[in-house]
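Working notes, structure below.
The values are calculated or read from the model by the stated rules, or taken from the named source; none is laboratory data. If you're wondering where the values come from, they're calculated on a predicted model, not measured in any experiment. Glycine gets a Cβ as well: all are built from the backbone with ideal geometry, and neighbour counts include every protein chain shown.
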Amino acid sequence: MNAIAPLTTPAVSVDIQGVNVSYGDNHVLKNVDLAIKSGEFFAFLGPSGCGKTTLLRLIAGFNQADSGSVLIGGKDISGLPPWKRDVGMVFQSYALWPHMTVARNVAFGLEERGVARDEVRRRVALALDLVGLGHLAERRPSQLSGGQQQRVAVARTVAIEPKVLLLDEPLSNLDAKMRAQVRRELRELQQRLGLTTIFVTHDQEEANTICDRIAVMNDGVIQQVGTPMELYERPANLFVANFLGTANIMAGKIVGTGRDRRFEIEGGMQIHVAETSGVPDRAKLVFRPQHARLSPAGGPSQASFSLTCDIIGREFLGSSIRYFARAGATEVAVDMPFQSSRQLFEPGTAAMLNLDYSSVLWLAE
Amino acid sequence: MTAIPIAPLPRARRLSATPGQIALALAIAAFLLLFLGLPVGTVLYVGFTEKGTGSFTLVNFYDFVRTELFMRSLWNSFYVSAMSVVWASVFALPLAYLTTRFVFRGAALVQTLGFLPLIMPPFVGAVAMQLFFGRNGSINLLLDDWCGLKIGFMEGLNGVIFVQSVHYFPFILINLSAALRNIDRAMEEAAQNLGSSGFRLFRRIVFPLALPGYLAGASLVFVKVFDDLATPLLLNVKDMLAPQAYLRVTSIGIADPMGYVISVVLIVASVTAMWLSARALKGRDYATTQRGGGGLARRIMTPWEAVLGYGVVILILALVLAPHLALLLLSFATIWSFSPLPDAFTLAHYARVFGESSLYIKNTLIYATLAGGIDIVLGVAIAYLVLRTKLVGREWLDWAASAALAIPGVVLGIGYLRAFYGVTLPDGTPLASLWITIVLALAIRRLPYALRACSAALQQISVSLEEAAENLGATKARTVRRIVVPLMAGGILAGFVTSFSTAAVELSATLMLVQSNSDAPLAYGLYVFMQSAAGRGPGAALGVVAVLLVALCTVLSHLIIERSQKAKGMGH
Amino acid sequence: MTAYRLALAFGLALTTSIAHAQAPAGKVTVVTSFSKDVTDPFKKAFEKAVPGVTLEVQNRNTNAGVKYLEETKANNQVDLFWASAPDAFEVLKGKKLLAAYKPKATGIPDKIGSYPINDPAGFYSGFAASGYGIMWNDRYAKAKKLPEPKDWQDLAGPAFYDHVSIASPARSGTTHLTVETILQGEGWEKGWRTLKAMAGNFNAITDRSFGVPEAVNSGQVGVGIVIDFFAFSAQASGFPVKFVYPTVTTVVPANVGIVTNAPNKAAAEAFVEFLLSLAGQEVLLEPGIRRLPVNPAVYAKAGADYPNPFTDPRFQKMIGFDVDKSEARTGVVDTLFDQLISFQLDALKGVTKVLHEVDAALAKKPNPQAKALADEVRALIAAMPVSEAQGSSPELRGAFTGAKEKGARQAEIESQWASFARDSYAKAKAKADEALKAAR
């Protein structure tokens, strides 16, 4: 651990305050506010075009904001050019320079900082050892595998001891097996260095597995910030619910008032929702596949409420079976633990869909 | 998949320019203004003045449109340029395709030989070509003997088209070959996988992908042919625009603005052509940033294909190199007149030029090297400003530099005399009498070539490579020095070679500016020899020396490119 | 070598004779249209004769040379202008770019043929003479069975159709003089008729003087209208070419003049004196140069077959040449030639070809109707848009010399002449076709 000490710098916070970015009529980031704590492994998660990469490049200094500011360690860096920000970025394509060896790539940032030659050599070796590539120092980038290239890109970035580490979809160019391994390595490295790290991804699994907190973005707006579990359990809106994990969303409308207030699901079935239940007037019923249970049609209700449904398909997932069923006008997924191949619901038959008030969410439209 | 969806290209994201970039842009603008705008302007403004009063008028352009000869010339110039592009493509396509697409023994040799036609020394090249293809050249004399027919290779507009397409087809060859090499192997394999093969594969996948390269070359050919005056004049074709401009500008005793009016028309037409080709290319920039795979899958030809392939290549090379062969023969010939081959051979011409040529060679090397050097510095700078910054008006640098392509050398030469002869150094020598003026004129004339090559090279570098450097603490200037320039090295060298080799045989501007024999380059020496009957042999010998010299430098730089590419692991 | 000893002797004489003035030294710069074959022997001989002076040769064609002097006059670095065409010197003189100098050399008569050797005003001096004539490639002539031409009119004959080449008079001072010589010798109307009849047989009109001998030397064209030394030096180099002086021609001197504000005036004068000295004159006899010396004494050193304009009766018959007249209408004549001939060559050749066929048919079987039509065709071809008087009128001159006063623009006039020629040739072509039908 001592060997790594020279590469660690005190962690700092990153604050983004009221940032707006637009290209012509295209409003890419809208009033973005974020507070990333020091030492945090933070993810920007969202679909293509949500603005997450723009936000990352804004922190690195490659974009200019129309308004708002970026603070690193409490200092406003909005006016600084990229080369004065001390923000290390690992590019999606790695951006390794083909005309330099691995060692020269890693040495680059140190040389630009005017670090003495001996010190450069020492730190390059250190950084390469950190990612386990010390033996490939004299290779050219084109002679490395994808995973190796990715690690060189990381080594090159951490070698300059940045205040913040930015990772732009660093795993997207790797195969599935490699991805799982590298993401564990990244997490481990971040833990060791204690570096504030921002990770841009469109893959919720990546974000969930390695990040402390996630900002879910859509359409240039931060939808919700929280730990992976918070986001999963208590999505703030339909977008977050749908983007993180599988969510069944049933549309419908409120009918009646007072004690007779009911939620009528598209297709006709109704659920009692007293005014005291806190269910808003315009909302959708949301639940996760594992939070519902199927029971044979015509049997007794096993939960707060039950809906009739038709089984239309199933997938065997090992420990569980995912059923696809149609309830009213909505197609829903339901996970049932797999016990025996003899206790299955057959496609084409009817069944009961049982849900508890405690495990469903009512999300405003 | 990736999350860069907002702007079509990442490079478009740079919003502002650094003070350094602004200073650089201003410096380049000043250079272009001083050495291109000012001299040319002092000459061309005559086209906009009224006879007698000297006040501004457009009546001369009205005269231009109304004059049948000029409109005919305009149309002929368009026709000849377009047809030259067609024929140059016919020559270039098989050479480029076969040498990049197939495992082709001698591909490097073909590429090098294919470059040679571009370096045809003035005057003597035309004489050599006449001796081979002329109405009483070797081929026609033999044809007349055997079958009693003659082919008018060198007659009229068709003659111009023939000579121009042979002369300029290397532009298409070079650009197309580069583009073909950069196409990812997977593109072609995907098409093959979907059932496409043979010519359809070429027509539907390979050629469209190489289209940017092809268009870049084709537009150069078009503009060069449109603006070239030497070839039509040597074939005695006068009803084309460039020769009309030249004849009028240089005839003594005639103070007619039409020559300058035509020059303006030439420049406008050329810039328009370049602009159109740039527009046609917009959004078709298929440069593959991922340079893995190493280009097109090289197929092995079947024996039958090989025979056909080599046959076609040899035939084309024989045709386009015939002028050089004729030049070589001429340089060894005693008398060659109205006969298929010279009467006898001698080494005397080489002996005659041996003593003087060392001075010419030295001057040529200095001038062409300096001009090429200036060109690539400017080329890299302009390409960078245009492609990597959002400076207002940066395209104008590009257009201005490209406009140099269209300015007749003699207009530039006169402009330099007019603009700089009055400027004296402390000791009283005029600025225009220093040999550096020749270098500047050459650099301005050849800048468009280097600029094209540099732009193409920069376009192929992914912006993230530069951003990575900035992210690690390198300023823009440092990034250019340590990342951009090394990665562009191949393109820069290619630009240098093109500028250098064409500058080495340039005459029209030089002729006006050479002040003394001790400052004269090879092309001038050639011109002096070619003014007399006895000078024909020595002139040819000097021409051979020029071609060899340029070819040697070209091969040398190709070797350097290859070695550096290999060292970088970017080669294939 | 005699020439060497003479040069040496002269050199001594020269240095002593101008010792009272400033001794010439340093670099003397000459702008010349002469080729290396001419300038190299002169440079060698001159530098030997006047030690301490280096001759710096700037080779430019005549037009470019004039343009160059004009553009650089503000800060002139050139001492001498040295070229053939007297009209170029007239232009320079008109623009005050030449300085007057009276050579001291003796033994040079006032006139060669009927042409004054030196500029009467003393701005330039003739140092060699040249005559215009017809040059042809012997091998070509044998292969195509061409008769030997003797005079301008011969070139208009059907045998020479598509075999003749000439340089554009607007581009070549020497051709301009040839055209002017024909116009002065035969008169405006008849001269143009001859020129156009000849032009119908042209294969090409080149844009530089040397383009013509070059094409004849290599056998691309059979016959060329050139200045004599092109042919002589080609013969000296071994090319199978012949040359003849036609009856209407003139010998005109090649000249040298000192440029206004010459930086090295003393050396410039020394060079002029050297050119006119016996030693300088003898250099002209070298096989690569072959020009006619202006000092009659030098011909004693030349071979017997060397043309001598001072004794040869042919040259005495040669017409006089009015330089002022030529100068007055330079632009008009050149532009007429270009608009009526150069740029309409295809049309003109088309008519001429048919006309030759009509003549051939008439020779076999006379036909008065066809004959009359053919004469009409000839008249249509010969028709001129302007008369001789108009050609020299100040209005037209003004249009071509960029006169300060407002007036007709050159482009307008050119356009009129071009349509005149186009219409005439189109009518002529229709009539010629008719004649051919009638004659057959």
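Screening C:T106 against (1) in contact with a Gly (Cβ under 9 Å, 6 or more places away or on another chain); (2) among the β-branched types (V, I, T); (3) modelled with pLDDT under 90 leaves a single unmet condition, (1).
Does at least one position in the stretch B:283-306 carry a residue that is of a type in the set (F, W, Y), surrounded by 15 or more Cβ atoms within 10 Å (Cβ to Cβ), out of contact with any Ser or Thr (no Cβ under 6 Å at 6 or more places or on another chain) and modelled with pLDDT under 85? Yes, the stretch B:283-306 has at least one match. Of note, B:V547 satisfies the criterion of being in contact (Cβ under 8 Å) with a residue 24 or more places away in the chain, among the hydrophobic types (A, V, I, L, M, F, W, C), over 21 Å from B:A453 (Cβ atoms) and more than 14 Å from chain C (Cβ to nearest Cβ).
Filtering the stretch C:48-59 down to residues that are surrounded by fewer than 22 Cβ atoms within 10 Å (Cβ to Cβ) and either touching a Leu at 6+ places or on another chain (Cβ under 8 Å) or part of a loop (DSSP other than H, G, I, E, B) (or both), which residue is farthest from the other protein chains (Cβ to nearest Cβ)? Here the answer is C:P51. Total residues in the stretch A:77-113 satisfying the condition of being farther than 22 Å from B:T18 by Cα and part of a loop (DSSP other than H, G, I, E, B): the figure is 11.
Residues are listed down the side, and each one gets a yes or a no for (1) within 12 Å of chain B (Cβ to nearest Cβ); (2) in contact with a Pro (Cβ under 8 Å, 6 or more places away or on another chain):
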{"site": "C:K196", "(1), (2)": "no, no"}
{"site": "C:G211", "(1), (2)": "yes, no"}
{"site": "C:F239", "(1), (2)": "yes, no"}
{"site": "C:K242", "(1), (2)": "no, no"}
{"site": "C:T247", "(1), (2)": "no, no"}
{"site": "C:P263", "(1), (2)": "yes, no"}
{"site": "C:V294", "(1), (2)": "no, yes"}
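Applying the condition of being over 16 Å from B:S165 (Cα atoms) and within 9 Å of chain C (Cβ to nearest Cβ) to the stretch B:124-133 and asking which residue is surrounded by the most Cβ atoms within 10 Å (Cβ to Cβ) yields B:L131.
Just to check your reading of the model, which residue among B:F207, B:F202 is assigned to a helix (DSSP H, G or I), farther than 30 Å from B:G409 by Cβ and without any contact (Cβ under 8 Å) to a residue 24 or more places away in the chain?
Result of the check over B:F207, B:F202: B:F207.
A:R156 fulfils the conditions (1) part of a helix (DSSP H, G or I); (2) within 11 Å of another protein chain (Cβ to nearest Cβ); (3) modelled with pLDDT under 90 except for a single criterion, (3).
For the stretch A:231-278, which fully contained strands (runs of 3 or more DSSP E) count at least 2 residues that are over 20 Å from A:C309 (Cβ atoms)?
Numbers: elements: A:248-250, A:252-255, A:262-265, A:270-272.
Qualifying strands (runs of 3 or more DSSP E): A:252-255.
The numbered conditions (1) away from chain C (no Cβ under 14 Å); (2) hydrophobic (A, V, I, L, M, F, W, C); (3) assigned to a loop (DSSP other than H, G, I, E, B) are all true for B:M154 except (1).
Among the residues of the stretch C:390-403, is any surrounded by fewer than 18 Cβ atoms within 10 Å (Cβ to Cβ), acidic (D, E), more than 9 Å from chain B (Cβ to nearest Cβ) and touching a helix residue (DSSP H, G or I) at 6+ places or on another chain (Cβ under 6 Å)? No, every residue in the stretch C:390-403 fails to be surrounded by fewer than 18 Cβ atoms within 10 Å (Cβ to Cβ), acidic (D, E), more than 9 Å from chain B (Cβ to nearest Cβ) and touching a helix residue (DSSP H, G or I) at 6+ places or on another chain (Cβ under 6 Å).
Within the stretch B:506-526, if we keep just the residues that are closer than 18 Å to C:N63 by Cβ, more than 7 Å from chain C (Cβ to nearest Cβ) and not in a loop (DSSP other than H, G, I, E, B), the residue that is farthest from the chain's Cα centre (by Cα) turns out to be B:L513.
Could you name every one of the helices (runs of 4 or more DSSP H) located completely within the stretch B:427-495 that has at least 3 residues being closer than 18 Å to A:R104 by Cα and within 14 Å of another protein chain (Cβ to nearest Cβ)?
B:463-471
In the stretch B:20-76, the qualifying residues are those that are among the charged types (D, E, K, R) and part of a helix (DSSP H, G or I), and the one that is surrounded by the most Cβ atoms within 10 Å (Cβ to Cβ) is B:D63.
Checking C:K150 against (1) assigned to a helix (DSSP H, G or I); (2) of a type outside the set (G, A, S); (3) more than 14 Å from chain B (Cβ to nearest Cβ), only one condition comes out false. Which one? All conditions pass for C:K150, except number (1). Regarding A:S145, is this residue within 28 Å of A:E205 (Cα to Cα), in contact (Cβ under 8 Å) with a residue 40 or more places away in the chain and surrounded by fewer than 19 Cβ atoms within 10 Å (Cβ to Cβ)? In short, no.
If you go through the stretch C:68-80 one residue at a time, do you hit one that is at pLDDT below 90, within 13 Å of chain B (Cβ to nearest Cβ), in contact with a helix residue (DSSP H, G or I) (Cβ under 6 Å, 6 or more places away or on another chain) and in a helix (DSSP H, G or I)? Yes; the residues of the stretch C:68-80 include at least one that is at pLDDT below 90, within 13 Å of chain B (Cβ to nearest Cβ), in contact with a helix residue (DSSP H, G or I) (Cβ under 6 Å, 6 or more places away or on another chain) and in a helix (DSSP H, G or I).
Selection within the stretch C:339-368: residues that are part of a helix (DSSP H, G or I) and charged (D, E, K, R). The member of this set that is farthest from the chain's Cα centre (by Cα) is C:K364.
For the stretch C:179-203, residues that are assigned to a strand (DSSP E or B) and surrounded by 24 or more Cβ atoms within 10 Å (Cβ to Cβ) total 1. Against the test of being more than 13 Å from the chain's Cα centre (by Cα), away from every other protein chain (no Cβ under 13 Å) and assigned to a strand (DSSP E or B), the options C:I258, C:I225 yield a single qualifying residue, C:I258. Taking the numbered list (1) among the aliphatic types (A, V, I, L, M); (2) assigned to a helix (DSSP H, G or I); (3) over 24 Å from the mean Cα position of the chain (by Cα) in turn, C:A408 passes all entries but (2).
Against the test of being part of a strand (DSSP E or B), at the interface with chain B (Cβ under 10 Å from one of its Cβ atoms) and either buried (at least 17 other Cβ atoms within 10 Å of the Cβ) or touching a Lys or Arg at 6+ places or on another chain (Cβ under 9 Å) (or both), the options A:F44, A:F62 yield a single qualifying residue, A:F44.
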